[in-house]
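Values in this text are rule-based calculations from the coordinates and carry no lab data. Given the structure is predicted, the values throughout are model-derived calculations rather than measurements. Cβ: placed from backbone, ideal geometry, glycine included. Neighbour counts: every protein chain shown.
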Amino acid sequence: MALVSGDAELTAGFLAAAAAAGVEVVQVGRAEELRPVWSTAAQVYLGVDAVEAVEASGLPPRPGVGLLTRPGGGVSRWSSAFDACVIELPDPDGVLMSRLAAVAGASGGEVVLLNGATGGVGVSTLALALGRTLAERGRSVLVVDLDPTGGGLDLAAGVERVPGWRWPDLAAARGQVGDLTAQLPAVDGLSVLAMPRDGVQLPSTAAVASVLASVRRWFDVCLLDCSRTGEAWVGAGLAVASRTWLVLREDVPGLAAAAVRRPRLAEGAAPVELVTVVGSAAALSGEAVERVVGAPLLARLPEDRRLRSGVGRGEPARVSASRRWRAAVRRLAAEVGR
C-alpha cells in the first residue's frame, strides 16, 4: 500500500483507516519518489495535493489507484486521468475501509463482480447459474444481490421460503462482520444474500462495504450481482472484487453501452473482462469487441430465448437453458479461481 500526500489531515485520516484494517503503508513524500513502488504496491493513494505532480511524472497506467480529497475537493478531472476511485475523507460510506479490508483479506475467497452494460442481459441468471455450477464442484459459494429494484434474488434462486438473513438484517453492519455461513438461506451448497422485494429497509453503502469486505473470508467464491440502479454499491463491490466482468449484448448498442460503462468499472483494483451475449447474427471478431470496449474478451454466451422465457415463468436455468448455454456457463465457471 502506497500513499503520496503532503496534506497532514488527509494523511492522518488515511493512516487511521489503514491501521484499523491492519495493512502496512509506504509513505512517499514526493511524486518523483513514487516510481519504485508504483507497479508493486497493491493499491496506490494520491492526496489531492499530489495528483498534478504525479500525473506530470509520466508513470504508466495501473489499476487500484485512489484519490483522497475533502468534500467538494474537485478532483473529478483527475479521476479519469488515473482511472481512479475518488474517496472523500472523512469516509462515512466506508469505501476506503472496504478497499483496505480487501487487501488485508486478499488470501480469502475469490470475489467476482458482474455488471450489465445495459439492462436485460441476464446478469442475475448468469450469477445464479455460475453459483450452482461452482457449488456442484464442491465450492462454497455466495451470490450477493446488489440490485435494489430486482425484486429479491432469493425468489430467482428458489430460496424465498428458506429461513435466513436478508439485507435488512445486516442494514446496520459496520466494521468486520462475523461468519454468515449459517445465517443465510442456502440450497444445494449455494448461499444467497438477497435484497428485500418491497424496496424498504435497504442497506446503507457503509453496511454493504462492511459485509462485502468480510464475506470472502467465509466462502470460496462470492458472486456480486450488481445493477446500475445501485451505483453506490457498485463502488463497494469494486473495492473488494478480484475479478470484474462486464456483461454485454454483442451488438452495436451493447458495445456502445459497454464502452461507456467500462471506465467506471475500471476504477476497481481488478481489470475489467468482457462476457458477451451473442445473438443469431454473425458475431464480430473478438479483436473488434476488445477494440471497441477497451477490455479483453473472456467468454461468449449464446443468446437463449427459451431460457429468457423460462426465467419469466420462474424456472431455474438448469431447467430451461439450452445445452449450448449450459456448456458455456461451465466453461466460464472454470475461469473462477484460475
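If you take every residue apart from W233 with its C-beta less than 11 Å away from the C-beta of W233, what net charge results, scoring Lys and Arg +1 and Asp and Glu -1? Intermediate values should be presented prior to the final figure.
On the way: positive: R228; negative: D93, D145, D147, D225, E231.
Residues close to W233 contribute a combined charge of -4.
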**Prompt:** Once you charge only the Cβ atoms, +1 for Lys and Arg and -1 for Asp and Glu, what is the size of the charge dipole of the stretch 2-103 about its Cα centre, to the nearest 20 debye?
**Reply:** 200 debye
**Prompt:** What are the residues whose amide H is under 5 Å from the amide H of L297, where those residues sit 5 or more places off or on another chain and H is modelled from the backbone?
**Reply:** L274
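Using DSSP, restrict attention to beta bridges with both residues in the chain and report what percent are antiparallel, rounded to the nearest 5. Mind dumping the intermediate values first?
Numbers: 2 of 48 bridges.
Around 5 percent of the beta bridges assigned by DSSP in the chain are antiparallel ones.
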**Request:** Starting from the stretch 210-291, pick out the GluC sites (Glu not before Pro) whose DSSP state is loop and whose Cβ has at most 15 other Cβ atoms within 10 Å.
**Result:** none
**Asked** At what distance in nm do the modelled label points of E9 and E287 sit from each other, each positioned 7 Å from its Cα along Cα→Cβ?
**Response** 5.3 nm
**Prompt:** Nearest 10 degrees, 0 to 90: what angle lies between the long axis of helix 8-21 and the longest principal axis of the chain (Cα atoms)?
**Reply:** 40 degrees
**Asked** What is the distance in Å between the Cα centres of the stretch 24-44 and the stretch 147-192?
**Response** 39 Å
**Message:** Quick check: net charge around S280, other residues with Cβ under 14 Å of its Cβ, Lys/Arg +1 and Asp/Glu -1?
**Reply:** +2
**Prompt:** Which FRET efficiency value, to the nearest 0.05, is calculated for R330 and D188 with the Förster distance at 22 angstrom and r the Cβ-Cβ distance?
**Reply:** 0.85
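Just how large is the dipole of the chain about the Cα centre, in debye to the nearest 20, putting +1 at every Lys and Arg Cβ and -1 at every Asp and Glu Cβ? The partial results should precede the final answer.
Details: 34 positive and 35 negative charges, 278 e Å.
Charge dipole, the chain, about its Cα centre: 1340 debye, nearest 20.
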**Asked** If Lys and Arg each add +1 and Asp and Glu each add -1, what is the summed charge of the other residues whose beta carbon sits under 11 Å from the beta carbon of R132?
**Response** +3
**Check: the stretch 198-284 dipole with +1 on Lys, Arg Cβ and -1 on Asp, Glu Cβ, in debye** = 180 debye
**Under Karplus coefficients 6.51, -1.76 and 1.60, residue-wise ³J(HN,Hα) of the stretch 206-220 in Hz, glycine/proline x** = 5, 5, 4, 4, 5, 5, 5, 6, 9, 5, 5, 6, 10, 10, 5
**Prompt:** Kirkwood hydrodynamic radius for the stretch 2-103: how many Å is it when counted over pairs of different Cα atoms?
**Reply:** 13.4 Å
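Got a sec? How would S280, S79 order by Cβ neighbour count within 10 Å, fewest to most? Don't skip to the answer; put the middle values down first.
Values: S280 8, S79 17.
By the 10 Å Cβ count, ascending: S280, S79.
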